[in-house]
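What follows is a single structure, written as structure tokens, with notes after it.
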């Protein structure tokens, strides 16, 4: 299963540290994980974690060019799941949620997301 984790910025917070831990353990647990992010203090650690890292630059709170780039990334790499964590990432989620042959976007921390992630939707 190919998973893309989208994080707007990589600062030293709870979400980022949890994501970094997942990245460091993904390979040994059979997870094909990639990260797309705008960078930050933890960028080097994410790059060294063993997962594929994709860099982007968000130019506005809602950046339609970024949505386009992420959709191209998803299609080109055949991700099965795209997971977002942060509020800014969630702003871009509707543009990613349009059906593609190989990906679905998952919204964080909502009942719909939990049902979709578990296959109950």
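Miscellaneous remarks
- The range 39-53, subset in contact with a helix residue (DSSP H, G or I) (Cβ under 7 Å, 6 or more places away or on another chain) and surrounded by 15 or more Cβ atoms within 10 Å (Cβ to Cβ), residue farthest from residue 18 (Cα to Cα): 53
- Residue check for residue 98: buried (at least 16 other Cβ atoms within 10 Å of the Cβ) and at pLDDT below 85: no
- Of all residues in the range 50-64, those satisfying the criterion of being touching a strand residue (DSSP E or B) at 6+ places or on another chain (Cβ under 8 Å) and at pLDDT 90 or above are 51, 52, 53, 54, 55.
- When residue 8 is tested against (1) touching a residue at least 40 places away in the same chain (Cβ under 8 Å); (2) touching a strand residue (DSSP E or B) at 6+ places or on another chain (Cβ under 6 Å), only condition (2) is not met.
- Conditions (1) within 15 Å of residue 22 (Cβ to Cβ); (2) assigned to a helix (DSSP H, G or I); number of the one not met by residue 69: (1)
- Check on residue 26, part of a helix (DSSP H, G or I), surrounded by 13 or more Cβ atoms within 10 Å (Cβ to Cβ) and in contact (Cβ under 8 Å) with a residue 60 or more places away in the chain: no
- Hey, residue 84 under 22 Å from residue 9 (Cβ atoms), surrounded by 17 or more Cβ atoms within 10 Å (Cβ to Cβ) and either more than 11 Å from the chain's Cα centre (by Cα) or at pLDDT 50 or above (or both) or not: yes
- In the range 27-42, the residues that are in contact with a strand residue (DSSP E or B) (Cβ under 7 Å, 6 or more places away or on another chain) and within 24 Å of residue 66 (Cβ to Cβ): 32, 33, 34, 35, 36, 37, 39
The values are calculated or read from the model by the stated rules, or taken from the named source; none is laboratory data. Since the structure is predicted, the reported quantities are computational estimates derived from the model, not experimental observations. Ideal geometry is used to build each Cβ from the backbone, glycine not excepted, and the neighbour counts take in all protein chains shown.
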